[in-house]
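None of the figures in this text is laboratory data; all of them are computed from the coordinates on show. The structure displayed is predicted, hence computed values, not measured ones. Reconstructed Cβ throughout: ideal geometry from the backbone, glycine too, with neighbour counts over all protein chains shown.
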């Protein structure tokens, strides 16, 4: 499938994996619409995209904001959901229900509400790509909250691949990826963490945002793939 003049909306497209996907898809001649909560971040992101791109401010946890968004954007061919979420990290015994509820409402319900709002505007045989995380695929102590939410999204996507057919619905599950969220760490701490993690992976390095963007592009472009989950984790599931 050619992506030329395909309209692709990326929720969470102002930085990290979402921005890398927007840049890659724009280079493939798609028409990209990036969505985020901050106009300033969106403006900065737009300046890095070489191709057809527009930016829209919206809060994907707010139904009124989503309704306004889809009216602005209009019809689209593909939807990418890669927005970040509040995290419920830490031991199960001390992770509060409130922390888990915050992550559920932000990411799971955010994805749910965005797709519901977009569905009437989404091409019937287009596609949806949901980005989750490796915590739902590999048992890691202290990440029960992440595993529960991302696992729920995976099952949601696979169910919708059948219910909403011929719309294709797929999932990308990243492992440890060098994204701007880690820039808040001291440089030496970040470098040491990444180096230690890379030693445990079969590929010998951690992921880049473009690794994830490549998987997103594949799932959009491959019209014979639906209900699939692609692990882009450097082999972390085999590293134990």
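Structure summary
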{"read-out": "Which of 78, 224, 121 has the fewest Cβ neighbours within 10 Å, and the rest in rising order", "value": "224, 121, 78"}
{"read-out": "Degrees, to the nearest 10: 109-118 long Cα axis against longest axis of the chain", "value": "10"}
{"read-out": "Nearest 10 degrees, 0 to 90: helix 187-199 Cα axis against the chain principal axis", "value": "90"}
{"read-out": "Rounded if a/c under 1.5, otherwise prolate or oblate - the range 134-240, Cα gyration tensor axes", "value": "prolate"}
{"read-out": "Computed FRET value (nearest 0.05) for residue 67 with residue 97, which takes r as the C-beta separation and R₀ as 35 Å", "value": "0.75"}
{"read-out": "Distance in nm between pseudo-label sites at residue 28 and residue 237 (7 Å out along the Cβ direction from Cα)", "value": "2.2"}
{"read-out": "Selected from 188, 163, 31 as most flexible by GNM, with the chain as the system and alpha-carbon contacts under 10 Å", "value": "188"}
{"read-out": "For the chain, built as a Gaussian network whose Cα springs stay under 10 Å, the top-fluctuating residue of 197, 67, 135", "value": "197"}
{"read-out": "Angle in degrees between helix 144-163 and the longest Cα principal axis of the chain, rounded to the nearest 10", "value": "30"}
{"read-out": "Helix-only mean residue ellipticity at 222 nm for the chain, each DSSP H run of n ≥ 4 adding -39500 (n - 2.57), per residue, nearest 500", "value": "-12000 deg cm²/dmol"}
{"read-out": "Gaussian network model of the chain, Cα within-10 Å springs - most flexible of 136, 173, 93", "value": "93"}
{"read-out": "For 70, 57, 128, order by how many other beta-carbon atoms lie within 10 Å, fewest first", "value": "57, 70, 128"}
{"read-out": "Sites residue 50 and residue 203 - FRET efficiency at Förster radius 30 Å, r taken between beta-carbons, to 0.05", "value": "0.60"}
{"read-out": "Model label zone, residue 222; criterion: amide N under 14 Å from point 7 Å along Cα-to-beta-carbon; scope the range 1-27", "value": "1"}
{"read-out": "Residues 105, 71 arranged by fewest to most Cβ contacts within 10 Å", "value": "71, 105"}
